[in-house]
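Chemist: Structure below; questions to follow.
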Amino acid sequence: MGCSSSVPARNTGGLNTISNDSSPDASSKDLRAKLVLLGDSGVGKSCIVLRFVRGQFDPTSKVTVGASFLSQTLALEDSTIVKFEIWDTAGQERYAALAPLYYRGAAAAIVVYDITSPESFSKAQYWVKELQKHGSPGIVMVLVGNKADLHDNRSVSSQDAQDYAEKNNMFFIETSAKTADNINQLFEEIAKRLPRPTAS
Amino acid sequence: MDPPNPNPNDAPSLPAESAARLAALSLCGTRDLPPDFHTAEILDDDEGYLTSASRGGSSTSAWKEAPEGLHDDDKDGDDVSQPSPRSSGYAGERGSSLDDDADPDPDPDQDWARGKKHPHEDDASSSWRKRKKHFFILSNSGKPIYSRYGDEHKLAGFSATLQAIISFVENSGDHIKFVRAGKHQIVFLVKGPIYLVCISCTEESYEGLRGQLELMYGQLLLILTKSVNKCFEKNPRFDMATLLGGTDAVFLSLIHAFSWNPATFLHAYTCLPLAQSTRQAASAVLQDIADSGVLFALLMCEHKVISLVGAQKATLHPDDILLLANFILSSGSFRTSESFVPICLPRYNPMAYLHAYVHFFDEHTYVTLLTTRSDAFYDLKDSRAHIQNALLKSNVLIEVQRSLHENALRVEDLPTNPSSQSASHPPESSQDISSQSLSSEMAIGGPGGLWHFIYKSIYLDQFVSSEFPSPISNKKQKKGLYKAYQKLYASMHDKATGPHKTQFRRDEDYVLFCWITQDFELYAAFNPLADKTQAIKMCNRVCQWVRDLENEIFVYGESTLSW
């Protein structure tokens, strides 16, 4: 796991590095992590990020164009402070070819599907395979079933998703950006799993 | 991935009505028509516009039909209660209350978020047939790509019909420009494997509608580049609609702009009025970062340019500015957070993507940095921080906010003696534009019955337009006036009879005056009873006024390299 912190991606300005560029007075417990969200359009990637970063939920969903950049800092119980630099990518097909630009050098990837849409679950599996092939070695991957509040219309069972996640060595969680259910837990879990700087 | 699409490549099974239309078309003897086709069709329409324009006459009958056609909220009972389609396949020659031709929606966010208006409709719905202005994009195999109204997938048969009409004419070695069917005009634009079609009964000119289709195509290129053509070379049945996923709002917003934004027919951009010193401060900081590999840097407030800077030799076409601003303003996600997105400027290079960094400083004001480097995000983010600091320090953002509310040109403020007026007010102060006291004429517009004007500087590719005064306050009247301007523009620039230098025209709604010189184009609207001599005098005063204010209302001078 620790190797991801030593894989800075030159072509993204090096800001994705986790500990290489920490300033002298920064605490050794501070982490910077590049995080990318992938998934079909309309599964709620932006809603998850905006719930986490701003605590907001906007029911009039706005289609993400290209990729949006947001950052948020999270303090863990062990007093580690993680600064997430989040790339919220567009789910549209025309932007699929750009995804490597954003997941390259990422320390963590959230692959999102909509629990009411089997198609989005297939798309999620496509992204998992792509990340396994081309993502940073040791990237923390999370499978997220969003829109958990719509459980009446569920068409992807938790068990199937759980099985798939385990098989692919991923953490799995179901969230609702609308009700905020499990959103903070999701990012805390990622923060915990991030490799810590080895020496300081 | 392909949606169910029953229509075969060629020889689609046409619905009866479309077959009838095809037959009607062939009856016109397309093969013999080419030279006459154009003019004959226009004259048939008894619109009389072109003839009266070339005579320069002030006919009242010329536009008599137009206002009726333009009334969106006409309670045209006949049309609504008349379900039987006419021979053209369209009920309601004049549109009906169902149509909201480019009206801003009561809740645009909600509607545009989903992007599609009336998705349940298709060509079998009577409401769909009554829409006054349809836009379609389809592939040369007849696959639907975009439709303003209704679900593209359900319109597969209709798309195939349009494709059949186009290929029918092309098979005879000709190109179809438009077809008239009663009050409806069907305008075609063929761009390689992509076909664009507008079906309208809004009385707009062929040139005007064609220009709108050109912009629709430009918007499509901005999103996908012209290299999308390669997909059709590989696979003629390629489904392009999926590639445009989530962009309905962009096209809707552009169609809406056709009825309120003069930039769509003037091919010029407009600036936010600002004191010269404020604009210089903004330009200086953009210039600062233009050297760091940024191709274009634009600071804009809504659709108005605050400042723009291009790298050496790179120039930005006004149409590209229009399409870029439309794309950014109609996609809600840009306002939420800073974004990085590939876009193509069709007039700059239709084949290649540029990468755009977009950041909103406030609800209206945003910076766009364009580069050829796909990995430039963090550099541009730093540049933006630098710009933001400089703008805050020099109070530009505050001045912009103020200008948005105060600096508009109002015809009531038209100075009686512009030159002396400006001499007593140093042009450095941006408030001067609006500081003159409002006269008692406000209630009836400006002096001499002047209601509104648009002034385009040909040399600068920029225009300025006045605010709407009280006589033209509601949406319908504004749209009506814009359509009248569009017609005026088309007639003045008509290649067959023009170009013309002046036109004075009176009808029951307005007196319109147009004056074109080497330096500028002026379009002015007066109240219908305005005196001609008086109107011409006012136009001279407007021109003088604009010249006096040019440092504030235009991006002017050397600060922008490319201009």
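Chemist: Going through the stretch B:141-160 one residue at a time, which ones are among the small types (Gly, Ala, Ser), within 25 Å of the chain's Cα centre (by Cα) and in a loop (DSSP other than H, G, I, E, B)?
Modeler: Let us first name the residues in the stretch B:141-160 that are among the small types (Gly, Ala, Ser), namely B:141-142, B:147, B:150, B:156-157, B:159-160.
So of that shortlist, the ones also within 25 Å of the chain's Cα centre (by Cα) come out as B:147, B:150, B:159.
Passing the criteria: only B:Gly150.
Chemist: While we're on this one: From the set of residues in the stretch A:65-80 that are in a loop (DSSP other than H, G, I, E, B) and touching a Phe, Trp or Tyr at 6+ places or on another chain (Cβ under 9 Å), which is nearest to the other protein chains (Cβ to nearest Cβ)? Reasoning before the result, please.
Modeler: Taking the stretch A:65-80 first, the residues in a loop (DSSP other than H, G, I, E, B) are A:65-66, A:76-80.
Checking the rest, the ones that are also touching a Phe, Trp or Tyr at 6+ places or on another chain (Cβ under 9 Å) come to A:65-66.
Details: A:Val65: 5, A:Gly66: 3 Å.
Ranking the qualifying residues of the stretch A:65-80, first place goes to A:Gly66.
Chemist: Can you tell me which condition B:Asn540 does not meet? The list is (1) closer than 23 Å to B:Pro415 by Cβ; (2) buried (at least 19 other Cβ atoms within 10 Å of the Cβ); (3) polar (S, T, N, Q), and all the others hold.
Modeler: (2)
Chemist: Here is a follow-up. Which is of a type outside the set (D, E, K, R) and outside any strand (DSSP E or B), of B:Ala284, B:Ala297? Step through it out loud before you land on a result.
Modeler: On the way: B:Ala297 fails: outside any strand (DSSP E or B).
Going through B:Ala284, B:Ala297 in turn, just one is of a type outside the set (D, E, K, R) and outside any strand (DSSP E or B): B:Ala284.
Chemist: Now a separate question. Residues that are open to solvent by less than 10 Å² (accessible area, probe 1.4 Å) and in contact with a helix residue (DSSP H, G or I) (Cβ under 6 Å, 6 or more places away or on another chain): does the stretch A:178-191 have at least one? Please lay out each step first, then the result.
Modeler: From the stretch A:178-191, those open to solvent by less than 10 Å² (accessible area, probe 1.4 Å) are A:183, A:186-187, A:190-191; that's our starting set.
Going one step further and asking which of them are in contact with a helix residue (DSSP H, G or I) (Cβ under 6 Å, 6 or more places away or on another chain), we end up with A:183, A:187.
Checked against the condition, which is being open to solvent by less than 10 Å² (accessible area, probe 1.4 Å) and in contact with a helix residue (DSSP H, G or I) (Cβ under 6 Å, 6 or more places away or on another chain), the stretch A:178-191 yields at least one hit.
Chemist: From the list A:Glu85, A:Glu93, pick out the single residue that is more than 18 Å from A:Leu186 (Cα to Cα) and either free of Cβ contacts under 8 Å to residues at least 40 places away in the same chain or not basic (Lys, Arg) (or both). Write out each step before concluding.
Modeler: Details: A:Glu85 fails: more than 18 Å from A:Leu186 (Cα to Cα).
Exactly one of A:Glu85, A:Glu93 is more than 18 Å from A:Leu186 (Cα to Cα) and either free of Cβ contacts under 8 Å to residues at least 40 places away in the same chain or not basic (Lys, Arg) (or both), namely A:Glu93.
Chemist: Here's another thing I want to ask about it. For the stretch B:161-214, give me each residue that is under 16 Å from B:Ile145 (Cβ atoms), open to solvent by 10 Å² or more (accessible area, probe 1.4 Å) and either outside any helix (DSSP H, G or I) or assigned by the TED database to the domain that holds B:Leu322 (or both).
Modeler: Matches in the stretch B:161-214: B:Val190, B:Lys191, B:Gly192, B:Pro193, B:Tyr195.
Chemist: Taking the condition without any contact (Cβ under 8 Å) to a residue 12 or more places away in the chain and not in a loop (DSSP other than H, G, I, E, B), does A:Thr60 pass?
Modeler: Numbers: without any contact (Cβ under 8 Å) to a residue 12 or more places away in the chain: yes; not in a loop (DSSP other than H, G, I, E, B): no.
Judged against the criteria, A:Thr60 is not a match.
Chemist: Additional query: Filter the stretch B:314-330 down to the residues that are open to solvent by less than 10 Å² (accessible area, probe 1.4 Å) and within 25 Å of B:Ala385 (Cα to Cα) and list them by number. Break it down into steps so the answer makes sense when it comes.
Modeler: The initial filter retains those residues of the stretch B:314-330 that are open to solvent by less than 10 Å² (accessible area, probe 1.4 Å), namely B:314, B:316, B:318-321, B:323-328.
Once the filter is applied, which keeps residues that are open to solvent by less than 10 Å² (accessible area, probe 1.4 Å) and within 25 Å of B:Ala385 (Cα to Cα), the stretch B:314-330 yields B:Ala314, B:Leu316, B:Ile321, B:Leu324, B:Ala325, B:Asn326, B:Phe327, B:Ile328.
Chemist: Go through the stretch B:216-270 and give me each residue that's within 18 Å of B:Ser330 (Cβ to Cβ), of a type in the set (Val, Ile, Thr) and in a helix (DSSP H, G or I).
Modeler: B:Ile223, B:Val250, B:Ile255, B:Thr264
Chemist: Return yes or no: is B:Thr372 more than 30 Å from A:Arg54 (Cβ to Cβ), more than 23 Å from the chain's Cα centre (by Cα) and open to solvent by 10 Å² or more (accessible area, probe 1.4 Å)?
Modeler: Considered against the rule, which asks whether it is more than 30 Å from A:Arg54 (Cβ to Cβ), more than 23 Å from the chain's Cα centre (by Cα) and open to solvent by 10 Å² or more (accessible area, probe 1.4 Å), B:Thr372 comes out as yes.
Chemist: Among the residues that make up the stretch A:32-48, is at least one of them more than 19 Å from the chain's Cα centre (by Cα), at pLDDT below 95 and within 14 Å of chain B (Cβ to nearest Cβ)?
Modeler: no
Chemist: Can you say whether A:Leu101 is at pLDDT 90 or above and more than 13 Å from every other protein chain (Cβ to nearest Cβ), as far as the supplied structure shows? Let's see the steps before the verdict.
Modeler: Values: at pLDDT 90 or above: yes; more than 13 Å from every other protein chain (Cβ to nearest Cβ): no.
Criteria not met by A:Leu101.
Chemist: So, B:Leu529, is that one open to solvent by less than 20 Å² (accessible area, probe 1.4 Å) and either within 18 Å of the chain's Cα centre (by Cα) or of a type outside the set (S, T, N, Q) (or both) or not?
Modeler: no
Chemist: If I filter the stretch A:136-146 down to residues being under 13 Å from the mean Cα position of the chain (by Cα) and within 16 Å of A:Leu35 (Cα to Cα), which single residue comes out as surrounded by the most Cβ atoms within 10 Å (Cβ to Cβ)? Reasoning before the result, please.
Modeler: Kept after step one, since they are under 13 Å from the mean Cα position of the chain (by Cα), are these residues of the stretch A:136-146: A:139-146.
Retained after the next criterion (residues that are within 16 Å of A:Leu35 (Cα to Cα)): A:139-144.
On the way: A:Ile139: 20, A:Val140: 23, A:Met141: 23, A:Val142: 21, A:Leu143: 26, A:Val144: 30.
Taking the candidates together, the pick is A:Val144.
Chemist: Residues that are among the aromatic types (Phe, Trp, Tyr), at least 3 per element: which helices (runs of 4 or more DSSP H) completely within the stretch A:100-200 meet that? Talk me through it step by step, then tell me what you get.
Modeler: On the way: elements: A:118-134, A:158-167, A:183-193.
It comes to A:118-134.
Chemist: Restricting the first residue to the stretch B:322-349 and requiring it to be modelled with pLDDT of 95 or more, which pairs with a second residue that is assigned to a loop (DSSP other than H, G, I, E, B) and of a type in the set (D, E, K, R) meet a Cβ separation below 8 Å and a spacing of at least six or different chains?
Modeler: Here the result reads B:Ala325/B:Glu302; B:Leu329/B:Glu302, each pair linking the stretch B:322-349 to a residue that is assigned to a loop (DSSP other than H, G, I, E, B) and of a type in the set (D, E, K, R).
Chemist: If I filter the stretch B:216-257 down to residues being among the aromatic types (Phe, Trp, Tyr) and either over 20 Å from the mean Cα position of the chain (by Cα) or open to solvent by less than 10 Å² (accessible area, probe 1.4 Å) (or both), which single residue comes out as farthest from the other protein chains (Cβ to nearest Cβ)? Quick ask: steps written out before the conclusion?
Modeler: Of the stretch B:216-257, the ones among the aromatic types (Phe, Trp, Tyr) are B:217, B:232, B:238, B:251.
Imposing the further condition that a residue be either over 20 Å from the mean Cα position of the chain (by Cα) or open to solvent by less than 10 Å² (accessible area, probe 1.4 Å) (or both) reduces the set to B:232, B:238, B:251.
Values: B:Phe232: 15, B:Phe238: 12, B:Phe251: 13 Å.
In this case the residue turns out to be B:Phe232.
Chemist: Does B:Gln276 qualify as being open to solvent by 30 Å² or more (accessible area, probe 1.4 Å), touching a strand residue (DSSP E or B) at 6+ places or on another chain (Cβ under 8 Å), away from every other protein chain (no Cβ under 14 Å) and within 21 Å of B:Val555 (Cβ to Cβ)?
Modeler: Values: open to solvent by 30 Å² or more (accessible area, probe 1.4 Å): yes; touching a strand residue (DSSP E or B) at 6+ places or on another chain (Cβ under 8 Å): no; away from every other protein chain (no Cβ under 14 Å): yes; within 21 Å of B:Val555 (Cβ to Cβ): yes.
For B:Gln276, the condition - open to solvent by 30 Å² or more (accessible area, probe 1.4 Å), touching a strand residue (DSSP E or B) at 6+ places or on another chain (Cβ under 8 Å), away from every other protein chain (no Cβ under 14 Å) and within 21 Å of B:Val555 (Cβ to Cβ) - is not met.
Chemist: Does B:Pro469 meet the test of being open to solvent by less than 10 Å² (accessible area, probe 1.4 Å) and not polar (S, T, N, Q)?
Modeler: Numbers: open to solvent by less than 10 Å² (accessible area, probe 1.4 Å): yes; not polar (S, T, N, Q): yes.
Judged against the criteria, B:Pro469 is a match.
Chemist: Still on this structure: If you go through the stretch B:379-391 one residue at a time, do you hit one that is in contact (Cβ under 8 Å) with a residue 60 or more places away in the chain, open to solvent by 10 Å² or more (accessible area, probe 1.4 Å) and at the interface with chain A (Cβ under 9 Å from one of its Cβ atoms)? It would help to see each step written out before you state the result.
Modeler: Keep residues of the stretch B:379-391 that are in contact (Cβ under 8 Å) with a residue 60 or more places away in the chain, which gives B:379-380, B:383, B:386-387, B:390-391.
Still in the running and open to solvent by 10 Å² or more (accessible area, probe 1.4 Å): B:379, B:383, B:386, B:390.
Imposing the further condition that a residue be at the interface with chain A (Cβ under 9 Å from one of its Cβ atoms) reduces the set to B:379.
The answer is yes; a qualifying residue exists.
Chemist: Also: Looking at B:Phe135, is it away from every other protein chain (no Cβ under 14 Å) and open to solvent by less than 10 Å² (accessible area, probe 1.4 Å)?
Modeler: Working: away from every other protein chain (no Cβ under 14 Å): yes; open to solvent by less than 10 Å² (accessible area, probe 1.4 Å): yes.
Here the answer is yes, as B:Phe135 does meet what is asked.
Chemist: Any idea which of (1) open to solvent by less than 20 Å² (accessible area, probe 1.4 Å); (2) within 12 Å of the chain's Cα centre (by Cα) is the one A:Phe171 doesn't satisfy?
Modeler: All conditions are met except number (1).
Chemist: Continuing with this model, one more query. Could you please tell me which pairs satisfy a Cβ distance under 6 Å, a separation of 6+ or placement on different chains, a first residue in the stretch A:29-49 that is within 30 Å of A:Arg196 (Cβ to Cβ), and a second residue that is in a helix (DSSP H, G or I) and open to solvent by less than 40 Å² (accessible area, probe 1.4 Å)?
Modeler: A:Val36/A:Tyr102; A:Val36/A:Tyr103; A:Leu37/A:Lys45; A:Leu38/A:Trp127; A:Gly39/A:Lys45; A:Gly39/A:Ala124
Chemist: Here is a check on your reading of the model: is B:Ile306 in a helix (DSSP H, G or I), surrounded by 18 or more Cβ atoms within 10 Å (Cβ to Cβ) and not charged (D, E, K, R)?
Modeler: So B:Ile306 does not fit the description; no.
The values are calculated or read from the model by the stated rules, or taken from the named source; none is laboratory data. Treat the numbers as computed from the prediction; the structure is a model and nothing was measured. Ideal geometry is used to build each Cβ from the backbone, glycine not excepted, and the neighbour counts take in all protein chains shown. Accessible surface areas use protein heavy atoms only, side chains included; no ligands, DNA or RNA. Shrake-Rupley method; radii C 1.70, N 1.55, O 1.52, S 1.80 Å.
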